[in-house]
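Colleague: Next up is a structure, given as structure tokens.
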Amino acid sequence: QVQLVESGGRLVQAGGSLRLSCAASGRTLRNYVMGWFRRAPGKEREFVAAITWSGASTYYADSVKGRFIIARDNAKNTVYLQMSSLKPEDTAVYSCVADGLLGAQAMDPGTWNYWGQGTQVTVSS
């Protein structure tokens, strides 16, 4: 059983940057793959990025490649999402996820076992 709590979401101008954090508690993450999803108003949840325990391998949605970077600090049980060149269409609630698969299957929300409640990111133009 793992609890995930996101933080760092706020209002930011288009073209700016922002770093989201996800703190895990309740159980050691061990070899869990970690990731991020987002849900924009009126839309279904969308996969953003995933990362292996070691941090050596990552997987990104096409919409964020080259702009977002996922990273983790296992000593702090924390996963990060560094976002740059933000666009208004990036506005969404961003949720941290744990215990999934790296690769195409990561895009399926049903393959992830733990979810945080999310943090709001709003990008203004």
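The values are calculated or read from the model by the stated rules, or taken from the named source; none is laboratory data. Model, not experiment: these values are computed from the prediction. Every residue, glycine as well, gets a Cβ built from its backbone with ideal geometry; the counts of neighbours run over all protein chains shown. The accessibility values were calculated without ligands, DNA or RNA, using every heavy atom of the protein model including side chains. Shrake-Rupley method; radii C 1.70, N 1.55, O 1.52, S 1.80 Å.
Colleague: Going through Gly35, Gly9 one at a time, which residue ends up being surrounded by 15 or more Cβ atoms within 10 Å (Cβ to Cβ), of a type outside the set (D, E, K, R) and within 15 Å of Val121 (Cβ to Cβ)?
Modeller: Values: Gly35 fails: within 15 Å of Val121 (Cβ to Cβ).
Answer to the check: Gly9.
Colleague: So if I check each of Lys87, Lys76, Lys65, which one is closer than 22 Å to Ala23 by Cβ and open to solvent by 50 Å² or more (accessible area, probe 1.4 Å)? Working first, answer last.
Modeller: Numbers: Lys87 fails: closer than 22 Å to Ala23 by Cβ; Lys65 fails: closer than 22 Å to Ala23 by Cβ.
Sole residue among the options that is closer than 22 Å to Ala23 by Cβ and open to solvent by 50 Å² or more (accessible area, probe 1.4 Å): Lys76.
Colleague: Another question about this same structure. Can you tell me which residue within the range 34-49, out of those that are of a type in the set (Lys, Arg) and assigned to a strand (DSSP E or B), is nearest to the chain's Cα centre (by Cα)?
Modeller: Going residue by residue through the range 34-49, those that are of a type in the set (Lys, Arg) are 38-39, 43, 45.
Right, trim to assigned to a strand (DSSP E or B) and you get 38-39.
Working: Arg38: 7, Arg39: 11 Å.
Checking each candidate, the answer is Arg38.
Colleague: Sticking with this one: Counting only residues that are closer than 14 Å to Trp36 by Cα and either open to solvent by less than 40 Å² (accessible area, probe 1.4 Å) or part of a loop (DSSP other than H, G, I, E, B) (or both), how many does the range 94-125 have?
Modeller: Residues flagged as closer than 14 Å to Trp36 by Cα and either open to solvent by less than 40 Å² (accessible area, probe 1.4 Å) or part of a loop (DSSP other than H, G, I, E, B) (or both) within the range 94-125 amount to 21.
Colleague: A follow-up question, please. Considering only the range 54-93, state which residues are under 20 Å from Gly116 (Cβ atoms), assigned to a loop (DSSP other than H, G, I, E, B) and touching a Lys or Arg at 6+ places or on another chain (Cβ under 7 Å).
Modeller: Gly55, the sole residue that qualifies.
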